[in-house]
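What follows is one structure encoded as structure tokens, with my remarks underneath.
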Amino acid sequence: MTSSSTSSPWLVRALAVWACGAIFYCYQFALRVSPSVMADNLMCDFGVQGCALGALSAAYYYAYASLQIPVGMALDRIGARKIVATSIFLCALGCLAFSGASSVFMASLGRFLMGAGSACAFIGSIKLITLWFPQRHVALMVGLTMMLGTFGATFGVVLLPRFFDAMGWRYSMILLGTAGAFLSIFSWFLLQKKKENQSVYEKKEPQKIGAGLMLAVRTPQIWCLALFGCLMYVPLSAFGDLWGVPFLTRVYGLGKSEAGLFISTLYCGVAVGSLVVSALSDRLKARRPLMRAGAFMALLCYVIIVMVPVPGTVMMILLFVAGFAFGGQLLCFTAVTETLPLWASGVGVGVTNMTIMMSGVIFEPLVGQILDMLWDGATQEGSPLYAIEHFRTALLPVALSVGGAFLLTFFIRETHPDHKKAS
């Protein structure tokens with residue numbers, strides 16, 4: 001970094017750019033988890049069961065996952081301003097389409113548009129971080145981004161039910177769409193090229209647009225890191241984003257708002273863990289040990305959460321610790337940026353995030369399918385009523401997925417820059 005790069009005006013601008021990306025990530029997180037607190041409403045209004053609800057919610061992930069590589073390549077080639085602003089607008093458009101849906105198909109289309117727009121949120125934020133901050137601060141800034149994102153998840157599971165009760169889920173989605181439209185306009189005017197870094201960046205960039213993609217997919221460590229991130233993310237995508245609230249309302253007899261409060265402790269743990277683990281990783285100058293420790297801690301917590309009846313206070317503690325352990329998952333993104341050169345970092349993170357988002361594509365409908373297979377036909381207020389043991393059986397694969405992430409850490413190399421210098 002040059003002396004001019006460390007001046008106060010530059011720092012203020014860098015933080016403003018980061019905040020824009022992080023707020024977008026926060027916004028899309030609220031959209032992502034919104035079906036969890038209106039699951040019964042959606043099943044009743046559209047006349048569907050668990051598997052169809054899972055497929056409806058997963059439409060978000062179909063778009064999100066499939067667009068990770070194209071968005072990563074676009075960020076590397078075009079830049080953040082046009083991509084981020086357009087992506088936020090797509091999220092807003094998806095909210096409006098979802099709010100007016102009269103069928104499962106139209107609702108799925110709305111979710112698909114939300115996912116298409118959200119595809120840029122996290123990798124766009126990471127791209128902005130790698131361009132505006134020195135490498136030694138990347139892990140910390142990624143952790144701060146995830147921490148802010150969890151505020152969106154907390155809003156989604158705690159406050160959205162209050163909006164739904166006050167104005168209905170359709171008008172609430174219109175409100176979210178309006179907020180997205182304003183954020184899109186704001187980002188268009190804020191995000192500009194970092195001119196002092198542009199000439200160096202262009203000199204290093206290869207001529208072929210697919211060079212970064214080929215480098216990423218031919219690097220075995222990228223796939224190890226991506227699969228680790230995917231398996232660690234399964235509990236968040238399947239449990240936190242969709243089935244956690246129905247599980248808690250059925251197994252523990254909680255209301256939606258109270259169940260949402262319980263799930264919010266999971267995301268509070270993610271917020272704290274993202275910041276603490278990232279900072280600790282930089283201080284220890286190591287990534288892999290914390291990734292392994294996080295996977296092991298998460299495995300223990302989720303097995304107890306799903307399979308063992310515990311008091312409410314203990315459940316909240318377990319959810320918080322499980323979320324804290326998720327901080328180890330974020331290090332896979334830092335490791336990707338340390339494995340690939342800067343000009344390929346966007347598409348590398350895209351490949352990683354695409355793999356991670358496949359967790360929602362696979363496991364959200366899978367849990368619903370298992371519930372439907374075990375369902376005895378009982379209903380409550382027009383929605384399927386699943387037995388407690390059915391929920392435990394359906395969610396067990398979600399808990400065990402973290403065990404696979406733990407095993408993968410034995411195949412991941414240490415990527416911290418100081419470790420590379422020492423070796």
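Inclusion of Phe163 among residues that are surrounded by fewer than 24 Cβ atoms within 10 Å (Cβ to Cβ), assigned to a helix (DSSP H, G or I) and in contact with a Phe, Trp or Tyr (Cβ under 7 Å, 6 or more places away or on another chain) is not warranted. Residues in segment 376-392 that are closer than 15 Å to Leu248 by Cα and either hydrophobic (A, V, I, L, M, F, W, C) or without any contact (Cβ under 8 Å) to a residue 24 or more places away in the chain (or both): Leu385, Ala387, Ile388, Glu389, His390, Phe391. Going through (1) of a type in the set (Gly, Ala, Ser); (2) more than 20 Å from Leu407 (Cβ to Cβ); (3) in contact (Cβ under 8 Å) with a residue 12 or more places away in the chain one by one, Ala325 falls short only on (2). Being within 30 Å of Tyr386 (Cα to Cα), of a type outside the set (Ser, Thr, Tyr) and out of contact with any Phe, Trp or Tyr (no Cβ under 8 Å at 6 or more places or on another chain), is that true of even one residue in segment 285-300? Checked segment 285-300: at least one residue is within 30 Å of Tyr386 (Cα to Cα), of a type outside the set (Ser, Thr, Tyr) and out of contact with any Phe, Trp or Tyr (no Cβ under 8 Å at 6 or more places or on another chain).
Here's the yes/no breakdown for (1) in a loop (DSSP other than H, G, I, E, B); (2) out of contact with any helix residue (DSSP H, G or I) (no Cβ under 7 Å at 6 or more places or on another chain); (3) not hydroxyl-bearing (Ser, Thr, Tyr):
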position	(1), (2), (3)
Thr355	no, no, no
Ile362	no, yes, yes
Val367	no, no, yes
Asp376	yes, yes, yes
Tyr386	yes, no, no
Leu400	no, yes, yes
Gly403	no, no, yes
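Of the residues making up segment 13-30, at least one is modelled with pLDDT under 85, over 30 Å from Thr249 (Cα atoms) and of a type in the set (A, V, I, L, M). Checking Thr145, Thr130 one by one, the residue that is of a type outside the set (A, V, I, L, M, F, W, C) and crowded, with 24+ Cβ neighbours inside 10 Å is Thr145 and no other.
Of all the listed residues (Thr415, Thr334), the sole one being in contact with a helix residue (DSSP H, G or I) (Cβ under 8 Å, 6 or more places away or on another chain) and either buried (at least 24 other Cβ atoms within 10 Å of the Cβ) or farther than 18 Å from Cys224 by Cα (or both) is Thr334.
Taking the numbered list (1) over 22 Å from Val367 (Cα atoms); (2) buried (at least 20 other Cβ atoms within 10 Å of the Cβ) in turn, Leu319 passes all entries but (1).
Answer with yes or no whether Ala63 is part of a helix (DSSP H, G or I), more than 25 Å from Thr352 (Cα to Cα) and either in contact with a strand residue (DSSP E or B) (Cβ under 6 Å, 6 or more places away or on another chain) or of a type in the set (A, V, I, L, M) (or both).
no
The values are calculated or read from the model by the stated rules, or taken from the named source; none is laboratory data. Keep in mind it's a predicted model, so treat the numbers as computed, not measured. Here Cβ is always computed from backbone atoms with ideal geometry, including for glycine, and neighbour counts include all displayed protein chains.
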